[in-house]
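Please read the structure below before turning to the comments.
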Amino acid sequence: IREYQQQLVDLGFMAPSGLTGTLDTQTSTAVLGFQKWANLSRDGALGEATVAALQRATRPEPRLRAPGRRIEVQLRRQLALLIEGNRVVRAVHISSGAGGATPRGSFRVFRKERYSWSVPFKVWLPWASYFTGGIAFHEYGSVPTYAASHGCVRVNRYDAPTLFGFAETGTPVDVLDEATA
């Protein structure tokens, strides 16, 4: 298990803190992200197809080319790529807005709150980084493999602090449908 975890870390799907040697929820979450990138069945398990794909995998590549630090949200894959100088430093399992509720386009992080109160939904949004209107990246307890939110980009609990720290105010955010980008 530790070898697979190391591969997930090397590919950018898991933080080094996930190197535990135990098949745990953090590993399953990283596996989900990898499965999304590799266009595999999304079950979070280290099955035969996933292990085979891991053994030949390379680090994800951003869809767009642009200088500096930025975030690319790939809606079809349900992944957020944290990019520095056109190199993906982390690939994060996310869940965007159902029915196309997360707007496509180019934005910038304009507000950050460690705990943000959602007025319409009456819920706390930990690690919130807003990039357009009331739409933010934030931690949420349920991050399915498909688009399920009201518009925000849900981030799993393992990666939410990392994304929050990466998404400085002014960081560009490109939300795209990879099929048309």
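The values are calculated or read from the model by the stated rules, or taken from the named source; none is laboratory data. Owing to the predicted nature of the structure, the values given are computational and were not obtained by experimental measurement. Note: ideal-geometry Cβ built from the backbone for every residue, glycine included; neighbour counts use all protein chains shown. Surface areas here come from the heavy atoms of the whole protein model, side chains and all, with no ligands, DNA or RNA. Shrake-Rupley method; radii C 1.70, N 1.55, O 1.52, S 1.80 Å.
Cβ-Cβ below 6 Å, separation at least six or inter-chain, first residue in the range 7-36 and farther than 20 Å from P144 by Cβ and open to solvent by 10 Å² or more (accessible area, probe 1.4 Å), second assigned to a helix (DSSP H, G or I) and aliphatic (A, V, I, L, M): which pairs?
Listed pairs, sorted by first residue: Q7/L54; P16/V9.
With the checklist (1) open to solvent by 20 Å² or more (accessible area, probe 1.4 Å); (2) in contact with a helix residue (DSSP H, G or I) (Cβ under 8 Å, 6 or more places away or on another chain); (3) closer than 25 Å to V173 by Cβ; (4) of a type outside the set (D, E, K, R) in hand, flag the one item G85 doesn't pass.
Condition not satisfied by G85: (2).
With respect to E168, is the statement that it is of a type in the set (D, E) and crowded, with 17+ Cβ neighbours inside 10 Å true? Can you show your working first?
Numbers: of a type in the set (D, E): yes; crowded, with 17+ Cβ neighbours inside 10 Å: no.
No; evaluated as a whole, the condition is false for this residue.
Within the range 124-137, which residues are out of contact with any helix residue (DSSP H, G or I) (no Cβ under 7 Å at 6 or more places or on another chain), open to solvent by 10 Å² or more (accessible area, probe 1.4 Å) and farther than 13 Å from V173 by Cβ?
W124, L125, G134
List every residue pair whose Cβ atoms sit under 6 Å apart, with the two residues 6 or more apart in sequence or on different chains, where the first one lies in the range 120-132 and is assigned to a strand (DSSP E or B) and at pLDDT 95 or above and the second, anywhere, is β-branched (V, I, T) and open to solvent by less than 50 Å² (accessible area, probe 1.4 Å).
Filtered contacts from the range 120-132: S129/V109; F131/V109; F131/V173.
Scan the range 34-79 residue by residue and report those that are in contact with a Leu (Cβ under 9 Å, 6 or more places away or on another chain) and in a helix (DSSP H, G or I).
Answer for the range 34-79, where residues must be in contact with a Leu (Cβ under 9 Å, 6 or more places away or on another chain) and in a helix (DSSP H, G or I): F34, K36, W37, A49, T50, A53, L54.
Among the residues of the range 136-171, which ones are under 12 Å from L82 (Cα atoms) and either over 15 Å from the mean Cα position of the chain (by Cα) or at pLDDT below 95 (or both)?
E168, T171
Any idea which of (1) outside any helix (DSSP H, G or I); (2) free of Cβ contacts under 8 Å to residues at least 40 places away in the same chain is the one R154 doesn't satisfy?
Unmet condition: (2).
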